[in-house]
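The numbers here are math on the coordinates, done by the rules we state, and not lab data. Bear in mind that the values here come from a model prediction, so they are computed numbers and not experimental data. Counting neighbours? That spans all protein chains shown, and the Cβs are built from the backbone with ideal geometry, glycine included.
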Amino acid sequence: MTTAQKKGFLYSNDKAGEYPDSYYFASANEVPQHPKLKGAETADVCIIGAGFTGLSAALHLAKAGYAVTLLDAHRVGWGASGRNGGQLGSDMRSGQDDLESQYGKAEAHALWNIAQEANELCRQLINEHNIDCDLTDGIIHADHRERYLKETREYTEKLQKDYGYDKVRYLDKAEIQQQVGSESYYGGSLDMGAAHLHPLNYALGLAKAASAAGVTIYQESPVLSYQQTGSDNVHVKTADGDIRAKHVLLACNGYLDKLNKKVASRVMPINNYIIATEPLTDELASHLIRDNHAVADSRFVVNYFRLSADKRMLFGGGENYSFQFPPDIKSFVRKHMLSIYPQLDNTKIDYGWGGTLAITVSRMPYFAKVSDSVLSASGYSGHGVAMATMAGKIMADMIDGKLANFDTMAKLKTYPFPGGTSLRWPLLVLAMTYYSLRDKL
């Protein structure tokens with residue numbers, strides 16, 4: 001086991017309590033200061049993890065009248081919630097045709113409705129709490145192989161016909177090359193119900209709203225362990241304090257480490273990377289992405305990119321399969337960007353950063369009732385902006401006696417990663433290497 005593995009994902013690439021040197025942090029709105037937990041406290045609900053899941057759960061529970069304490073090992077929005085591509089999707093990670101084949105049409109429609117509610121929930125929270133996060137409509141799915149176009153067209157027509165979704169349409173080669181100034185794509189689709197945003201500012205806005213609703217937030221307070229000590233009592237321990245709560249929510253996603261072995265066996269952390277260029281001229285920016293939509297392509301190891309509010313190219317691409325980030329993230333991602341946009345060859349890269357997300361075998365979220373008083377939701381597999389926000393509300397609703405959505409999500413088929421926690425990493429390396437090679441064929 002390497003030194004990085006011994007540290008775990010919480011500390012192997014980052015300094016304790018410090019945000020990464022990302023474009024998002026450099027352009028963040030007011031960053032709140034919250035104390036460390038010291039001493040013993042009580043709460044109705046203790047939430048571990050102050051990302052989208054934990055912040056949403058805390059806000060909804062506080063609005064419902066619960067006393068809520070939210071703990072984070074670092075800072076609010078420090079993890080994937082403050083580092084990701086900022087794409088607010090309108091569907092689940094798996095397509096509706098796949099969900100229909102696995103669960104039947106009725107259950108697939110129920111999952112579609114949850115995904116739509118997730119998208120709308122984000123928009124509602126942004127409007128209700130006046131969160132300044134550059135929300136902009138439109139995500140393009142871009143096919144990098146001509147043979148994928150038939151499937152994209154059929155899926156677009158399926159959403160229109162079977163799901164009554166009129167916000168998505170097919171793009172042929174001519175139109176996608178007008179929308180995306182690259183010769184890399186043969187067609188795709190445009191979803192105007194989807195959107196993109198500044199993820200860290202969205203997280204900070206949720207934190208501000210949660211604090212205003214009465215949530216107690218503690219930062220730099222990593223949880224060492226938790227233990228259920230009675231039917232309605234869970235004891236949560238940190239280095240300098242402890243909390244006794246009636247309920248505990250695990251909202252740790254890729255940073256769960258060893259807090260729960262069952263969840264860890266089904267939810268695996270991987271690293272991903274983004275760069276931000278210097279601000280582009282208006283002419284160049286509109287040539288690269290004409291209508292300011294976000295883009296995600298059809299590769300298994302997805303390239304995803306968009307323009308920032310100040311017209312930088314924010315480009316995510318490439319994964320590595322170790323605990324350690326590459327020593328030069330800018331160079332690591334730049335080669336992926338130039339494969340799509342060679343015209344940016346002489347453009348300066350101002351920021352490069354990495355982050356840890358979590359995937360599942362099925363690429364669908366993993367919801368679990370760990371015990372009578374402990375719930376968990378994680379494993380958003382790259383669709384975390386909408387689904388993590390929704391997951392927080394779903395767990396809050398579950399505590400408040402509204403079970404339907406939690407039960408729907410908890411019934412999804414989940415599988416432990418082959419090899420357990422010790423061998424799952426080398427097996428994932430083999431699988432991801434295969435798929436990355438397939439992308440090139």
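By the rule of a C-alpha distance below 24 Å, with chain neighbours fewer than 8 residues away ignored, the lysines paired with Lys246 are Lys36, Lys38, Lys63, Lys237, Lys258, Lys261, Lys262, Lys369, Lys393, Lys402. Computed from Cα atoms, the angle from the helix 149-162 axis to the main principal axis of the chain rounds to 60 degrees. Compared with the dominant principal axis of the Cα atoms in the chain, helix 420-439 is inclined by about 10°.
Of the GluC sites (Glu not before Pro) in the range 118-201, the ones in a loop by DSSP (not H, G, I, E or B) with at most 10 other beta carbons within 10 Å are Glu183. Shown here for the range 267-319: chymotrypsin sites (Phe, Trp or Tyr not before Pro) in loop regions (DSSP other than H, G, I, E, B) with at most 15 other Cβ atoms within 10 Å, namely Phe300.
This ranking places Cys252, Cys133 by how few other beta-carbon atoms lie within 10 Å of each, fewest first, which gives Cys133, Cys252. Counting only residues at least eight positions apart within a chain, or on another chain, the aspartates and glutamates with an alpha carbon under 13 Å from that of Lys105 are Asp97, Asp162.
Looking only at the range 357-389, which residues have a backbone nitrogen under 14 Å from a spot 7 Å from the Cα of Lys413 in the C-beta direction? 361-364, by backbone N distance to the label point. If you take the beta carbon distance between His109 and Asp350 as r and set R0 to 45 Å, what does 1/(1 + (r/R0)^6) give as a FRET efficiency, to the nearest 0.05? Approximately 0.55, to the nearest 0.05.
With a cut-off of at most 13 other beta carbons within 10 Å, and DSSP calling the residue loop, which GluC sites (Glu not before Pro) in the range 1-93 qualify? Please list them. Counting only loop positions with at most 13 other Cβ atoms within 10 Å, the GluC sites (Glu not before Pro) in the range 1-93 are Glu18, Glu30.
Only Cα sites of the chain enter the Debye sum here, all with the same form factor; the resulting log10 I(q)/I(0) across q = 0.10, 0.13 1/Å is -0.67, -1.18, listed in q order. In this rough spin-label picture, where each label sits 7 Å from Cα along the Cβ direction, the Glu183-Asp240 distance is 5.9 nm.
Placing dummy labels 7 Å off each Cα toward the beta-carbon, the span from Gln227 to Asp282 is 6.5 nm.
Placing a label point 7 Å from the Cα of Asp132 along the Cα-to-Cβ direction, the residues of the range 282-311 whose backbone N falls under 19 Å of that point are 308-311. By how many degrees, between 0 and 90 and to the nearest 10, does the Cα long axis of helix 52-63 differ from the longest principal axis of the chain? With both axes taken from Cα atoms, the answer is about 50 degrees.
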